Every structure is written in C-alpha cells, then in structure tokens.
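Working notes, structure below.
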C-alpha cells in the first residue's frame, strides 16, 4: 500500500509532533488510549473501556489492556502512560501546546494497568485530546535514556524522532528523508497482525505530480487532494479507473493569520479592509471548483456550535478603501498607504507546492495592492515553513488548521497560548482579548450544551469582528482510494484517515 503525501515529515516522535502528515504516519506506529471514529464517537484503543468519570468531572479512572506490546517486545504499562505525560510537561521539550497536560493536578498509577488522573477544574473537552496522534504513548524504557542523556530534552533530530518504537499496527523499517517512509505489519499487534503487510508513505511535494502518480497507480491513496482536483479524480472514476472518490465536509479551514505584534496589523480596520478586499466566494468557485465552504470564523457549519449569524465580509474594495482612509492610512506618492511613518507593506508566507495557497497569495497580492498595500510573496518547504510559523517570523501566514469536533478553541485564541510570552501554545498570531479568554474558560467547565452554544456563538461573533485571522474556507476533504480497499472509513476529525489502518485489507 502506497500513500502519497505532499508535506515532508520532520519528526516521528509524538511528544514533539504538530503536523497532520506526521499524524498519518504516527497512527500506524503508535497507539492512543482512545480513538475517535468516523461518527465522531469515542471508542477504547489501549483501554479496556472508556474511563470512568467522577460526578464532579474531576477524576478519570483508566484501565489498560494487559496484552499490548511495544515493537521491541516490552509490555506497555501505566508507567509508560505516566512517562508520556511527564515528557509532555518537561520544561525543555519543545511541545507545541501543554494546555491539555497542564490541566492535570494529579496522576496516580494504581497498578501496572490502572491509573487515575485528577484535573484542577472540570473540562468537558479534555478526554478528546487523548484520541489524537500527539497523545500517543511512548516507551519509557527507550525514551527516558535519550531524554536524560540530552540534558532532559527531546529533539526533533534525536534518535527516537528518527527511529521510533511504538505499539501500533506497523513498525518503522526505513525512512529516507524527503522521499519515503516504509512501515511493516507488526505481527504481535494486540488487535491482530494487519492484513496489508507493508505501507509506504511517499513524499511528493507537488500536488499535480501526486495526481499524476495516482492516475498511473504509482500511489494507491491520494489523501488531502487539492479541491481543484476533485473533478479530475471523478473523471478518472467515470472513465473506468477502479477507484472510490470521497468528498465530505470537515473541520479543516484555510486562513491567513496576522502577526498582531506588528503595529500595522494592530489596527482592526486594516484587518477588516483586507478581508473586504479579498473575493472569497469567487476564490472558492474558481480556484477550488466549488469544493469548499466559506469560513467566517474557525467553527465549521458541521459543528453543533456553529453561529450562522456572525458578521460576513462580502467582496467590497470600495468599503476596504473607506476603512483605511478613516483609520488614517493615506496613500503616498507611490500609491502605498502610510500611517505615522509606517508603510502598509508586508509579506504573505505560505507552504510551497500547494496550488490553492499559491493562488490565494497571488489573488490577495493583486487585490490588496489595488487598495494601497505593498505585498511580497514567499513560500517554504514543510520544515522551513514550520520554523517560520513557530518562531512567529512572519507578517501574514497562510495555512490550514483542523478544529476539534468540540468547538473549544483555547489552544489557538486564549492569550495564555501565545508561545513567545508563555513558552507554549499555538496562538501564533499573538491575539489577546479578555472577553474571549473569559468565554473560553467558561466553556470548558459547563456540560450543558445549550449554555455552551451561547458561549461559542459569542466567541465567533468577536472573532468575526476583530479578525485576528482572515478565515477563507472550510475544506471539503477529498480523498481517492482503490475500490478494492476494504474498511477505509474517512474520518473528518484530527484523527485523520489513517485512524483505523489496522483494519484495511485488499478485497
């Protein structure tokens, strides 16, 4: 089985990962306590059953299976789960977000296969985080040695990042950087050895090359196909190629984050003007072939918390210019606007090889320069793009996030998640709003859905008004597979489509 992927892999250590493409591979190598299935329901993975939760919502009691082996033959126990938690909170480890882990007040191992976790405060979203690849359980007996030898720090270039040992359905055989990753079925996997003996993740940075190799059969699965390629894939199917093509709404949204540390973007009117000056609906219709849904916040229409009544920005360049004038941004002799000696000049950064992102850059440059901005474009490969994002070395940065199926967006918008101020988090824009902080904190403590709907409706209203990010569209996920592949069940959550690869088999 050969899966094509566009973005290169930087690490296979789940402690440090923050990439959806890395998660695809990690789902094969590692296991998690629970899974989220395609119906967005929890089911046990390493657990005998879903955890028992105390009435006050603070205590979770877990029971592990006793038949799980790591790929080196050692048993997985509660000590490995506790050690994984310790690695997530270790000060020197470059963990993308510690928010989930910082909620833990006490972690008690009660016997080799049982443990209890007590939270500081109730959090109705907390359990979901255990379902995703970045919460995979790592082997203490291997990782601890590297951690201590490296000055109590794990690195993306470390031995375990390059040579991981997990308890998942497949074990790593070979990794050729920027080329491919080869996995082989683990014969002692606790659910039974997978029927597909080898899985190859093939790195192909260019989306058009990916499509061509899918057509010729050089790759078997084309996941995260570009929206504009949907019709081409359907055409292959209609012309007799033995494939299935899936298109389904999901939680992944494309957006352009502002670096709010820059004075020019601290004017809300600038952000609103740029949104008015981008032809969102035309972009979706032409560039994406209609395979996408307009985004006005980070909450998708498929969410139970979606607010259909928030502010929307129909394409209106005249309104954009009016806002800029009112905010004091005046055109200079060269047509570029200035305010207090600062030019409205900036660079749009994105990841290389993605046609939709490149088209967004080009259209935005044309439209925004027409209203008085000076715009440069740059694109980087996966690791360099990741460095630009996590170091906050950008002006405007275009990429995609995946929301959880719970509407909480604390890791992205709460002010304590600004990495350069708090040392962790994914609020790379540097957004601060006291009311949003207050609402997000309240939303985690309330179990009543109607009350939570009211909270997240207000969060969406504020985000749509303040625009720390320009929300462009929610991706209708497109994936194509051979029609003789059984048990392929597309998953719209962050679990990704490899979530159940242990069940895949050829018909």
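Values in this text are rule-based calculations from the coordinates and carry no lab data. In this text the structure is predicted, and so the values were computed from the model without any measurement. All Cβ positions, even for glycine, are placed from backbone atoms using ideal geometry, and neighbour counts span all protein chains on display.
Our summary gives the range 250-476 a relative contact order of 35 percent, counting only alpha carbon pairs under 8 angstrom and 6 or more residues apart. Volume per residue for the chain equals 142 cubic angstrom (convex hull of Cα atoms).
The Kirkwood hydrodynamic radius of the range 327-418, based on inverse pair distances between different Cα atoms, is 15.2 Å. Projected onto planes of every orientation and averaged, the convex hull of the alpha-carbon atoms in the range 64-211 covers 10.9 nm². Of interest is the spacing of the C-alpha centroids, which for the range 433-507 and the range 1-51 amounts to 16 Å.
Return a whole-number percent for the relative contact order of the range 27-153, with Cα pairs under 8 Å and 6 or more residues apart as the contact set. Reported relative contact order: 30 percent. Spin-label model, residue 316 to residue 49: label points 7 Å out along the Cα-to-beta-carbon direction sit 5.7 nm apart. What base-10 log of the normalised intensity I(q)/I(0) is obtained for the range 204-262 from the Debye formula, alpha carbons as equal point scatterers, at q = 0.27 Å⁻¹? The Debye formula, applied to the Cα set alone, gives -1.24.
Projected onto planes of every orientation and averaged, the convex hull of the alpha-carbon atoms in the range 261-300 covers 3.7 nm². Here the sum of -39500 (n - 2.57) over DSSP H runs of 4 or more residues, divided by the residues of the chain, equals -8000 deg cm²/dmol at 222 nm, to the nearest 500. Computed on the Cα atoms alone, the convex hull of the range 250-476 gives a volume of 120 cubic angstrom per residue. Hydrodynamic analysis of the range 434-507 uses the Kirkwood radius over alpha carbon pairs. Inserted into Stokes-Einstein at 20 °C and 1.002 mPa s, it gives a translational diffusion coefficient of 134 µm²/s. For the range 380-435, the pair-distance distribution built from all alpha carbon pairs, in bins 5 Å wide starting at 0, is 4, 18, 26, 25, 18, 8, 1, 0 percent.
Alpha-carbon geometry of the range 129-218: the Rg and the Dmax are 16.2, 49 Å, given in that order. Taking 0.36 nm per residue of sequence separation and removing the Cα-Cα distance, the residue 342/residue 235 pair yields an extension gain of 33.5 nm. Would you compute the Debye intensity of the range 65-112 from its alpha-carbon atoms alone, equal scatterers and no solvent, and pass along log10 I(q)/I(0) at q = 0.15, 0.24, 0.32 Å⁻¹ to two decimals? Scattering profile of the range 65-112, log10 relative to I(0): -0.50, -0.93, -1.17. Peptides 373-385, 123-135 ordered by packing proxy, namely the average of other Cβ atoms within 10 Å per residue, highest first: 123-135, 373-385. Kirkwood Rh and Cα-based Rg: tell me the resulting Rg over Rh for the range 38-100, rounded to two decimals. A ratio of 1.02. Considering the range 185-344, its Cα convex hull presents a mean projected area of 15.6 nm². Calculated on the alpha-carbon coordinates, the convex hull of the range 18-59 measures out at 114 cubic angstrom per residue. Relative contact order of the chain, please, whole-number percent, based on alpha carbon pairs below 8 angstrom and at least 6 residues apart. Relative CO of the chain lands at 21 percent. With the cut-off at 1.5 for a/c, could you classify the range 145-197 from its C-alpha gyration tensor as rounded, prolate or oblate? Oblate shape, in that a/c is at least 1.5 and b/c is the bigger or equal ratio. Summary of the geometry: the range 328-345 and the range 360-390, compared by the centres of their Cα atoms, lie 19 Å apart. Taking 10 °C and 1.306 mPa s as the conditions, I'd like the Stokes-Einstein D for the range 427-476 in µm²/s, using the Kirkwood hydrodynamic radius from alpha carbon pairs. Estimated diffusion coefficient is 131 µm²/s. Relative to the compact-globule estimate of 2.2 N^0.38 Å, the Cα radius of gyration of the range 1-111 comes out at 1.18.
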